[in-house]
Every structure is written in C-alpha cells, then in structure tokens.
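Notes to accompany the following structure.
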Amino acid sequence: MRAATVSFVDDDPTQIGRDIAAELCELLGRAPELVLMFSAARYDHARVLAGLYERLPTVRVVGCSSFGEINSEEALSGSVTAMGIAAEGTPFATFVAPDISGDTRGAGRAFAAEVQAFAPDLLIVFPDGLKVNSTQFLLGLQDVLGDRFPIIGGVAADEGAFERTCELFDREVHSGGAVGVAFKGVVQLVTAARSGWMPIGSLRTCTRVEGGNVLLEIDGQPALELYRTYLGPRAGEMPAVSAEFPIGVVGGVAGSQRLADDEILLLRGIRRIDEPRRALVFGGDLPEGAQVRMTRATKADVIQGADEAGAKVCAALPRPTIAFFFDCMARKIVLGPRYKDELRATFARLGPDVPKVGFYTFGELSPVEGTTMHHEETFTIALLQA
C-alpha cells in the first residue's frame, strides 16, 4: 500500500476536485483506488466530488466535513484535504448508511453486518456529528464485530455552527448517516488517545441521565448548578468556556473498569446547557452511574497530551505505512493560534516520508486498552502498517 496527501483552497469547488485528482496521480505515479477526503463544511461537496470524478471515474471515496484538516505537513483550516491510496494488493471495501434515524444502535449492527461479511482487520468509520448518536452507533458496531475489533475514526463536523455535517461516499453527499472503509492485510495497528486534561476535585457519580447524553444530576444535585459552582467566576462565560473544562470519566462505562483517581478513561465535552432542566447536554453518551471528576488544563498540558500519544505510537511502530489523526475541534478552540503546535513533535518523529491525514472532529473513535471508545476533546492517532 502507498499513499499521498494533498490540500487545496479555492473559490471553485469543482476545480479543487480536479486538482486533487491530478496531484494525487502525479504523486503516486498512478491513479489511486481509494480517496479519503476531509473538507471544510463551507464547500459544495457535490461539486468537489464531480471535479474529482472527471479525472478518476472509478475511484472509491470515503470522507466527511470537518472543523479543520490535517495533511502530511500541518493542520489547516478551510481546506479540502484528501489522501489517495494505491492499494497494491491490500483488499479494502467501502460502506455507507445514508440515513441513520430511530434505532441508532440497530443501525450500527446493520452497518457492522455488512462489514463483517468482508472479514476485515480494521474499520475506519465517520458517522454524522449532529443527527447520529455516535456512542450508540459504535456500540452497535461492537455488538456484531466484538469489543476487541479495531475501529478508528472521527465524527463528522462543521465549522462550529452545529447546523449540518456531511458524509461523503463516492459521488454522493449524505447528512445524518455514516460511511466507512475496511481493510484486510493489516500487519500492525498501533493507536493512542490522550487529552492532557487533569482531574481535580472529588470523585462524583452521575445519578440521573436521560437519553444517554443529558446529565440531569450529579450526586443527586442539579448538574448545571454543580458545574457552575465548579467554574466559579467563569460561570458567566458559559457555554463557550465549557470547552476548557470537560467532564472526565474514570469508571462506570461499558467495557471498562474504574481507573485510579488520577487517570481519565475518556472526556465528555458539554455541547450545550438546558437552563429549564438545569442540565448539561453532551455530544457523547455518559451512562447513569458513571464515575466522573471535573478537569482542567493549560494550553501546555493540551499540547503535552498530544505529544505523549505521538511518542507512544511512534515508539511502537516507527516506520508505519500511514498515520491517521482524529483530533477534537474543542482542542483547536482551546489552543487558538497554537493549534498547529500539538502536531509538530509527532510529525517530527514520523518524518516527512510517512503519509499523514486526518481532521478536527465532533468526537473521536479510538481504542483504550483494546476496546474502541467514543472520545471527546481528545487527540487520537493511529499508525497502520499494511
């Protein structure tokens, strides 16, 4: 397998598609069989794909809209970034669920049944970021594929408007669904997920949760009031300030055991607040009974978390075929002008010859101790040898 990544910014989305096709063919020395595409939400994705297919009429495309894009050199904003893959004997198959509604976990099972028939070694998946319960979709995938089956990916995003995200599949543009690509012949996969946020304060329990992601009570108290008390003088900055202070989960999640008090299993970022019900609404599920702690981090802590993840995987697999990055949009917001900094150390370790691609997400899918979980505000990286 060989890969190359390109990025373009242009007022003409059709021309972007043409340019992507031309440059990928030049870099690979042949037409790619597969293109992974991550595009700023502002673009007319149908026109980008139309331009791509003028030059590459048989290519398979899987991707989604993004809050920011990552190519082999840096993190970007407002681009269309695409990785072309020349499979060269590595079997792959692409999958789409155009519209997931109602029973999200059931939709995950149906998607997984198609994947399972291919008998792959790895699934990369991109569910919708606003209309799909990504936690339940992941659990549905695992109901069929198993808890230990390697699943990575990111939740489709827009540019912070939280209005509409898109999933790209060949010439099609969907919203409210999921797309994915599965590979056989994966020799080795190494993953890491780190946030940099540190737990503070006492251990608490989510005592009342509705619909999986609406936290009504913590330790029997209204969740919003308790969270505001924790924020102190910064409570008046809600909901914007919430990106800086996610909730850290240390136990009580399916497939996991409670961790030590100074460890965080995963983070939950607050998507919005429900004033009438004094509740916190999250992007991912937070089970009733989950044990949580409040968290905080400096910009340096956030960058260090990414550096630790990169150091871990690069030590385990120093010469990968491809590097995938799925990074939370909240980290980009928190870091501000320094958002590119959290990639620099890992890119330096990998070197310029390793093809890299990824995007800033509304949630990340990455294994923790062998079981894939739906993260938020987390830097995830996957190195693939195929």
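Tally the residues that are within 13 Å of ARG293 (Cα to Cα), within 28 Å of the chain's Cα centre (by Cα) and outside any strand (DSSP E or B), restricting the search to region 212-229.
Selection size over region 212-229: 2.
Is it the case that MET329 is at pLDDT below 95 and within 28 Å of ALA223 (Cα to Cα)?
No; evaluated as a whole, the condition is false for this residue.
State all residues of region 86-107 that are surrounded by 21 or more Cβ atoms within 10 Å (Cβ to Cβ) and touching a strand residue (DSSP E or B) at 6+ places or on another chain (Cβ under 8 Å); if no residue qualifies, say none.
Of everything in region 86-107, those that are surrounded by 21 or more Cβ atoms within 10 Å (Cβ to Cβ) and touching a strand residue (DSSP E or B) at 6+ places or on another chain (Cβ under 8 Å) turn out to be PHE92, ALA97, ILE100, ALA107.
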Within region 334-386, count every residue that is open to solvent by 10 Å² or more (accessible area, probe 1.4 Å), out of contact with any helix residue (DSSP H, G or I) (no Cβ under 8 Å at 6 or more places or on another chain), of a type in the set (A, V, I, L, M, F, W, C) and closer than 17 Å to PRO150 by Cα. 2
Considering region 69-85 alone, what residues qualify as being crowded, with 18+ Cβ neighbours inside 10 Å and either among the hydrophobic types (A, V, I, L, M, F, W, C) or in contact with an Asp or Glu (Cβ under 8 Å, 6 or more places away or on another chain) (or both)? ILE70, ALA75, LEU76, SER79, VAL80, THR81, ALA82, MET83, ILE85
Condition first: crowded, with 20+ Cβ neighbours inside 10 Å, more than 30 Å from GLN188 (Cα to Cα) and at pLDDT 95 or above. Can you find one or more residues in region 28-40 that meet it? yes
Output yes when any residue across region 316-332 is assigned to a helix (DSSP H, G or I) and surrounded by fewer than 24 Cβ atoms within 10 Å (Cβ to Cβ), and no when none is. yes
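This table checks each residue for (1) more than 27 Å from ARG319 (Cα to Cα); (2) touching a residue at least 24 places away in the same chain (Cβ under 8 Å); (3) of a type outside the set (Asp, Glu).
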residue	(1), (2), (3)
ASP44	yes, yes, no
ARG47	yes, yes, yes
GLU74	no, yes, no
THR81	no, yes, yes
Members of region 174-189 found to be hydrophobic (A, V, I, L, M, F, W, C) and surrounded by 19 or more Cβ atoms within 10 Å (Cβ to Cβ), listed by number: ALA178, VAL179, VAL181, ALA182, PHE183, LEU189
Residues in region 48-55: is at least one modelled with pLDDT of 95 or more, closer than 29 Å to ASP121 by Cβ and open to solvent by 10 Å² or more (accessible area, probe 1.4 Å)? yes
Could you tell me which numbered condition LYS312 fails, if it satisfies all but one of (1) open to solvent by 30 Å² or more (accessible area, probe 1.4 Å); (2) under 16 Å from SER72 (Cβ atoms); (3) assigned to a helix (DSSP H, G or I)? (2)
Looking for whichever is on the phi > 0 side of the Ramachandran plot and modelled with pLDDT of 95 or more here; the options are GLY180, GLY153, GLY185, GLY160. Which one fits? GLY153
Scan region 270-278 and give yes if some residue there is out of contact with any strand residue (DSSP E or B) (no Cβ under 6 Å at 6 or more places or on another chain), assigned to a helix (DSSP H, G or I) and modelled with pLDDT of 95 or more, otherwise no. no
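The values are calculated or read from the model by the stated rules, or taken from the named source; none is laboratory data. Predicted model only: the values in this text are computed from it and were never measured. Cβ sites come from the backbone with ideal geometry, for glycine too, and all protein chains shown count toward neighbours. Please note that ligands, DNA and RNA were not included when accessible areas were found on the heavy atoms of the full protein model with its side chains. Shrake-Rupley method; radii C 1.70, N 1.55, O 1.52, S 1.80 Å.
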